[in-house]
1. Restricting to the range 219-266, name every residue that is without any contact (Cβ under 8 Å) to a residue 24 or more places away in the chain and either farther than 22 Å from residue 32 by Cβ or not in a helix (DSSP H, G or I) (or both).
2. Across the range 39-74, what is the total count of residues that are surrounded by 16 or more Cβ atoms within 10 Å (Cβ to Cβ) and more than 20 Å from the chain's Cα centre (by Cα)?
3. Considering only residues that are free of Cβ contacts under 8 Å to residues at least 24 places away in the same chain, open to solvent by less than 80 Å² (accessible area, probe 1.4 Å) and either in contact with a Lys or Arg (Cβ under 7 Å, 6 or more places away or on another chain) or aliphatic (A, V, I, L, M) (or both), which ones fall in the range 75-89?
4. Any idea which residue in the range 210-261 is farthest from residue 66 (Cα to Cα), counting only those that are β-branched (Val, Ile, Thr) and surrounded by fewer than 16 Cβ atoms within 10 Å (Cβ to Cβ)?
5. Picking from 97, 79, which residue would you name as being modelled with pLDDT of 95 or more and farther than 30 Å from residue 116 by Cβ?
6. Considering only the range 108-119, I want to know if a residue exists there that is assigned to a loop (DSSP other than H, G, I, E, B) and at pLDDT 90 or above.
7. Can you tell me which residue is nearest to residue 191 (Cα to Cα) among those in the range 121-142 that are open to solvent by less than 30 Å² (accessible area, probe 1.4 Å) and assigned to a strand (DSSP E or B)?
8. Quick one: residue 111 ticks every box in (1) over 20 Å from the mean Cα position of the chain (by Cα); (2) surrounded by fewer than 18 Cβ atoms within 10 Å (Cβ to Cβ) except a single one, so which number is it?
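The values are calculated or read from the model by the stated rules, or taken from the named source; none is laboratory data. Just so we're clear, the structure is a prediction, and the values are computed from it rather than from any experiment. Positions of Cβ are generated from backbone atoms using ideal geometry, with glycine treated the same way; all protein chains shown enter the neighbour counts. Heavy atoms of the whole protein, side chains included, go into the accessibility calculation; ligands, DNA and RNA do not. Shrake-Rupley method; radii C 1.70, N 1.55, O 1.52, S 1.80 Å.
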Amino acid sequence: MELEIPYTVTARPDTGSYNAKIGIWLFLASEVMLFGGLFSAYIFLRMGATHWPHHLLNVPIGLFNTFVLITSSITMVMAWTALKMRQFQSYRRWLAATLVCGVVFLGIKSMEYKDKFHHYGVILNNGQEITGHLEMTPAEALKSPTLRILPDAEDAGSFGYQLQSIFRRPATGEEKVLEIPKSDIQWWSNFTPRYSTYLATYFTMTGLHGLHILGGLLVLGFFWGPGAKLYRTNPEHLANRVEVAGLFWHFVDLVWIFLFPTLYLL
């Protein structure tokens, strides 16, 4: 005897929604509390900080990624609509477009992470900060008594002659490369969470968001591939499942819409 779970397709009479839709709304409520706590912590840290170097992020790339996720929400709605209209091939095309947008977002974010791992900051004993790229390998930097760094344009412009007078320039190589004695350095590191509170919050919030994107892609990929077989026997049940996955996807997109201005602009 086959056991059938009630209200997987039809709505419950007491709530007006089927079980999975009620479940996803309860889950999203917990997600709001999770990200709400992170945003609250960010606000308190930001208010108490005297220096908040948000200029370290690439705003055009972040804005492009925002448009990518907004587009993915549109294609997600179109996929669900196609299922409701029993247009299976159209459904798979729109869902494939959603998957592509999600992969593009994660690809761009991974490139941003890679850039941060290869970007370094040096804080001098007098409190000045120089950011740029090492002109030596990390292993060489650990052993050498000096750091050879190619400073970012804003650092070269803001410190200018002062840097010229404090640090000697190497005899070979590009003229802008600075050779800084470690005795003049208070702290140096690549742009990982340990470098500053700002980068710690950046990696925590965007990393958690990225894991949600990855989880959403796995679920949507299942409904595009093996899970799509349900269409042959119960298309409405598949449409309900896709709707639930879509609600999660829209929530993740909405979180990024708040993350982008918070981390990149404020």
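1. First, pick out the residues of the range 219-266 that are without any contact (Cβ under 8 Å) to a residue 24 or more places away in the chain: 222, 225-227, 229-230, 232-233, 254, 261.
The answer is 222, 225, 226, 227, 229, 230, 232, 233.
2. The total comes to 0.
3. Result: 78, 82.
4. We begin by selecting, within the range 210-261, every residue β-branched (Val, Ile, Thr); these are 213, 219, 233, 242, 244, 252, 255, 257.
Narrowing further to those that are surrounded by fewer than 16 Cβ atoms within 10 Å (Cβ to Cβ): 233, 257.
Numbers: 233: 37, 257: 7 Å.
Restricting to residues being β-branched (Val, Ile, Thr) and surrounded by fewer than 16 Cβ atoms within 10 Å (Cβ to Cβ), the top hit is 233.
5. Details: 97 fails: farther than 30 Å from residue 116 by Cβ.
Just a single option satisfies the conditions, and that option is 79.
6. So the first thing to find is which residues in the range 108-119 are assigned to a loop (DSSP other than H, G, I, E, B), and the list is 118-119.
From the residues that got through so far, the ones that are at pLDDT 90 or above too are none.
Among the residues of the range 108-119, not one is assigned to a loop (DSSP other than H, G, I, E, B) and at pLDDT 90 or above, which makes the answer no.
7. Here the residue is 121.
8. (1)
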